[in-house]
Amino acid sequence: VIPLENSEEMEWLRRWVEDQLCCSWRNGIFAADGSAIPLSKKPSIYGETFYDRKSQYSLNCQLVIMPHNLLVVDYSLGHPGSVHDAYAFQGTQLAQHPA
């Protein structure tokens, strides 16, 4: 459950993020990052699109977390490894339905 914007809990989270991580993230709630999940071989359909910048076949996995407790709040899995993280992020529910 995401705390209300002006709640005491949200203010505590903001202070924690500022003290522990980065003062620029103070008003942020989530952190997102992508990781490549290596595949054992080239996929038979559209295989070349799975070839990533590290010269391996992979899937892109996007995780969206709450930095203060590392709780995963959303994810996207299945984009080819060659896809940029910003594009893969668009596959998350958070990006598609931010409200």
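The values are calculated or read from the model by the stated rules, or taken from the named source; none is laboratory data. Only a predicted model underlies this, so the values are computations on that prediction, with no experimental measurement involved. When we count neighbours, we look across all protein chains shown, and the Cβ atoms used for this are built from the backbone with ideal geometry, even at glycine. Note: accessible area is taken over every heavy atom of the protein model, side chains too, but ligands, DNA and RNA are not part of it. Shrake-Rupley method; radii C 1.70, N 1.55, O 1.52, S 1.80 Å.
Overview of results
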read-out: Rounded accessible area of residue 41 (nearest 10 Å², 1.4 Å probe); value: 150
read-out: Relative contact order (%) - the chain, alpha-carbon pairs under 8 angstrom, separation at least six; value: 22
read-out: Nearest-10 value in Å² for the accessible area of residue 15, using the 1.4 Å probe; value: 110
read-out: Amide H within-cut-off set for residue 74, under 5 Å, with H built and near neighbours excluded; value: 64
read-out: Solvent-accessible surface ranking, highest first, for 2, 29 at 1.4 angstrom; value: 2, 29
read-out: 5 angstrom amide H check on residue 79, placed H, neighbours 5+ away; value: 60
read-out: Helix 8-20 axis, angle to the chain major axis (alpha carbon atoms, nearest 10°); value: 60
read-out: Chymotrypsin sites (Phe, Trp or Tyr not before Pro) within region 5-85: DSSP coil, no more than 10 neighbouring Cβ in 10 Å; value: 46
read-out: Solvent accessible area, Å² - residue 68, 1.4 Å probe, full protein context; value: 50
read-out: Diffusion coefficient, µm² s⁻¹, Stokes-Einstein with Kirkwood Rh over alpha-carbon pairs of region 29-96 at 10 °C and 1.306 mPa s; value: 129
read-out: Accessible-area order (highest first, 1.4 angstrom probe) of the listed residues 61, 23; value: 23, 61
read-out: Local electrostatic count, residue 71, Cβ distance below 15 Å [Lys/Arg +1, Asp/Glu -1]; value: -3
read-out: Estimated [θ] at 222 nm from DSSP helical runs (n ≥ 4, -39500 (n - 2.57)) normalised by residues in the chain, nearest 500; value: -5500 deg cm²/dmol
